[in-house]
Amino acid sequence: MKNNYNKWFLFIMASVLLAKTSYAQNTPTLKQVFKNNFLIGAALNAAQISGKDTLAAPLIKTQFSAITPENIMKCEVIHPSWDKYNFDLADKIVAYGNQNNLPVNGHTLIWHSQLSPFVKQIQSKDSLLQFIKNHITTIASRYDGKIFSWDVVNEALEEDGSLRNSIFLEKLGPDYISEAFSIAAAAAPQTELYYNDYNIEQPKKRAGAIALIKNLQSKGIRINGVGIQGHWRSDNIPLKEIEESILAFSALGIKVMFTELDLTVLPNPWDVDAADVNQKAVYNEKMNPYAAGIPDSAQQKLTNGYESLFKLFYKYSDKINRITFWGVHDKQSWLNGWPIAGRTNYPLLFDRNGKPKPAYYKVIAVGKP
Ligand code: XIL
């Protein structure tokens, strides 16, 4: 009898091992299937570059071909006071990228959110201009030749396509964008320079982004690409607008990228879709319906959403240079905490155990039919 148990045990263990190896051997990874199409990036946090996030570690090295720091190059981390910079984590992600052959996209130089408190207190136009010069020159020159690209300006537009009413617009006027790109071009001649924003696939905001890019081009200021963030809803992806945007932006002669892709499956507290990190809503249980697990119907919507999106990306792979996911796995996605803290969201291709989800296999199948 005991012998029989042993046999069964061995048989089950062998099957599990076999199943595991055949997944690893037979399923190509994201970066492999799309290697002739576009880079597949992931935003990384501090725990991921240090290796503390053990779920993410093997995925980063096998699945992705580019990285973006999720927070650690933002002003509030890298430039805490007027003449103090904190390069610890930023240096680490740059070293990590270089060691692992993963081009780094610097995120981000000029953005109205996650500013250090000292910046918000700057009163005069001259001091704010001096801040922009110091900030960009110090950071961009340090990493020139070591990182691939910069999101030079992030989220400078309102939904109607006009310039966002930020501290920069208010104190410096609309020319601050040209200033930022010129300073970056001088400080980082070997680094590509991008404009990055959410909802710029939508017609009005897209027109604003096109005007912004054309304005730089008409002044002879270097801009190499545009990043469409891609924080969409899994059951309402604006495919038509995305397609129009790929065509319209690439017609400007610049690279087109999707830079912060994730698809929320949770209810939206507002009528409008946006990704403004300062907009927050209060928690209630109705807004967190999948705390115990994602039901099949929502999983299916996510799978379909990713499949149709990647079919579109694949169709235009000659115009798209990079698709970056905003995170590696569901457990660490910012969408568990935004726009409502304490929810359980499922927006990425890898689940809370780091396992590929049904959407992953559909995306792989698009690249390898
Ligand atoms: C988010 C990060 O993921 C969060 O960890 C942080 O608390 C807030 O910012 N648009 C951007 C990103 O350009 O920098 C934001 O990242 C998400 C929206």
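Cα-Cα over 29 Å: which of LYS31/LYS331; LYS92/LYS331; LYS92/LYS255; LYS255/LYS331? Could the numbers behind the result be given before it?
On the way: LYS31/LYS331 21 Å; LYS92/LYS331 23 Å; LYS92/LYS255 27 Å; LYS255/LYS331 31 Å.
Pairs exceeding 29 Å: LYS255/LYS331.
Kindly provide log₁₀ I(q)/I(0) values, in the same order as q = 0.06, 0.13, 0.15 Å⁻¹, from the Debye equation applied to equal alpha-carbon scatterers of the chain. Listed by q, the Debye log ratios stand at -0.24, -1.07, -1.42. Between TYR198, ALA43, ASN154, the Cα set farthest toward the positive side of the dipole of the chain (charges on each charged residue's Cβ, about the Cα centre) is that of ALA43. Spatial offset of the range 332-347 relative to the range 62-114 amounts to 22 Å, using the alpha carbon center of each. Placing +1 on each Lys and Arg Cβ and -1 on each Asp and Glu Cβ, with no other charges, gives the range 12-170 a dipole about its Cα centre of roughly 660 debye.
How high is the relative contact order of the chain, in percent, counting Cα pairs under 8 Å that sit 6 or more residues apart? All intermediate terms of the calculation are to be shown ahead of the outcome.
Details: 617 pairs, mean separation 60.3, N = 369.
Computed over the chain, the figure is 16 percent.
Between GLY337, PRO295, LEU348, the Cα set farthest toward the positive side of the dipole of the range 276-369 (charges on each charged residue's Cβ, about the Cα centre) is that of LEU348.
Considering just Cα atoms, how many Å³ per residue does the convex hull of the range 320-369 enclose?
Working: hull volume 4.3 nm³, N = 50.
Normalising the Cα hull of the range 320-369 by residue number yields 86 Å³.
For the range 27-366, a crude dipole built from +1 on the beta carbon of Lys and Arg and -1 on the beta carbon of Asp and Glu, taken about the Cα centre, is about 660 debye to the nearest 20. Bridging of LYS240 to lysines at a Cα separation below 19 Å is possible for LYS204, LYS205, LYS301, LYS311, LYS315, LYS319, once same-chain residues fewer than 8 apart are set aside.
At 1.4 Å probe radius, can you tell me the per residue accessible area of the range 99-178 in Å²?
Values: 3240 Å² over 80 residues.
Computed with neighbouring chains in place, this is 40 Å² per residue.
Projected onto their three principal axes, the Cα atoms of the range 286-369 cover extents of 41, 24, 22 Å, largest first. A Gaussian network model of the chain, with springs between Cα atoms under 10 Å, assigns the largest mean-square fluctuation among TYR290, TYR143, TYR195 to TYR290. Calculated mean residue ellipticity, 222 nm, the chain: -12500 deg cm²/dmol, from DSSP H runs (n ≥ 4) at -39500 (n - 2.57) each, averaged per residue and rounded to 500.
Report the FRET efficiency, 1/(1 + (r/R0)^6), for TRP82 and VAL282, where r is their Cβ-Cβ distance and R0 is 35 Å, rounded to 0.05. The value I calculate is 0.45. Computed in the context of the full set of protein chains, the accessible area of the range 25-66 at 1.4 Å probe radius has 52% of its extent on carbon or sulfur.
The values are calculated or read from the model by the stated rules, or taken from the named source; none is laboratory data. Being a predicted model, the structure only gives us computed values, none of them experimental. We place every Cβ from the backbone using ideal geometry, glycine too, and count neighbours over all the protein chains shown. Just the protein is used for accessible areas: all its heavy atoms, side chains included, with ligands, DNA and RNA removed. Shrake-Rupley method; radii C 1.70, N 1.55, O 1.52, S 1.80 Å.
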